[in-house]
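S.K.: Here it is, the structure in full.
The values are calculated or read from the model by the stated rules, or taken from the named source; none is laboratory data. Remember, predicted model here, so these are calculated numbers, not experimental data. Because the Cβ atoms are built from the backbone with ideal geometry, glycine has one as well, and the counts that use them run over all protein chains shown. Each accessible area value is taken on the protein alone, full model and side chains, heavy atoms only, with ligands, DNA and RNA left out. Shrake-Rupley method; radii C 1.70, N 1.55, O 1.52, S 1.80 Å.
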Amino acid sequence: MELSIFNIKGEETGKKVQLSDAVFGIEPNDHAIYLDVKQFMANNRQGTHKSKQRSEIAGSTRKLGRQKGGGGARPGDIKSPVRVGGGRIFGPVPRDYSFKLNKKLKQLARKSALSLRAKNEQIIVLDAINFDAPKTKTFLQALQALKIADKKALFVTAEINENLFLSARNLQKVNVMNVNELNTYAIMNAGVVVLLPETITAIEATLNA
């Protein structure tokens, strides 16, 4: 697949870049995408939820009624789960939600996500995006020039670009990351993926390893 390269003003530079069919042109595997996104979200869960069980409630253990003759079920103490303020039956306890996926499946998921974006013409290639200093206003003007100011945009750089990151961090719909941080969830959560020529080379080298 061949894409035109734009500059930061939204103008075509006349150059083109060739995307590898092995990364950007495969038949997307929906189940691989699902598993990788599921793992990403599960690994981000804190798992610190906790409710008090019967043995952890502060209260008297005195039996509240007679064993017989009450006309109903045998009453327990005030900490009984059936009473207001009592313990919770089978309540949540702290746990680790994370799970592992093999490397090949995760690579397939990222290739599938990138192929979906390429298929739907949701990939933009810029020749360069460098700022002398962090400036959100300048970055917003670039988004407007590229006609993506109203979309969720994912900018992927080959190396850490601090000025770009600082310029974008106040914009709710923009996410900036380098190739090493790229994941399936970020790709699927974005409405448009913005790449640089060197980024494409790095992605293809990583996912074809």
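S.K.: In this structure, does Phe40 turn out to be under 30 Å from Glu204 (Cα atoms), modelled with pLDDT of 90 or more and among the aromatic types (Phe, Trp, Tyr)?
M.R.: So Phe40 fits the description; yes.
S.K.: Right, something else. For the range 1-20, what are the residues that are open to solvent by less than 40 Å² (accessible area, probe 1.4 Å) and over 27 Å from Gln141 (Cα atoms)?
M.R.: Across the range 1-20, the qualifying residues are Leu19, Ser20.
S.K.: Among the numbered criteria (1) loosely packed, with under 13 Cβ neighbours inside 10 Å; (2) on the phi > 0 side of the Ramachandran plot, which one does Arg74 miss?
M.R.: Looking at each condition in turn, Arg74 falls short on (2).
S.K.: Kindly indicate the residue of the range 76-106 that is outside any loop (DSSP other than H, G, I, E, B) and more than 16 Å from the chain's Cα centre (by Cα) and also nearest to Glu181 (Cα to Cα) among those meeting that condition.
M.R.: Per the criteria, the residue is Lys103.
S.K.: Against the condition within 30 Å of Gln141 (Cβ to Cβ), hydrophobic (A, V, I, L, M, F, W, C) and open to solvent by less than 70 Å² (accessible area, probe 1.4 Å), how does Val23 come out, does it pass?
M.R.: no
S.K.: Here are Val156, Val125, Val174: which of them is within 21 Å of the chain's Cα centre (by Cα), open to solvent by less than 20 Å² (accessible area, probe 1.4 Å) and not aromatic (Phe, Trp, Tyr)?
M.R.: Sole residue among the options that is within 21 Å of the chain's Cα centre (by Cα), open to solvent by less than 20 Å² (accessible area, probe 1.4 Å) and not aromatic (Phe, Trp, Tyr): Val156.
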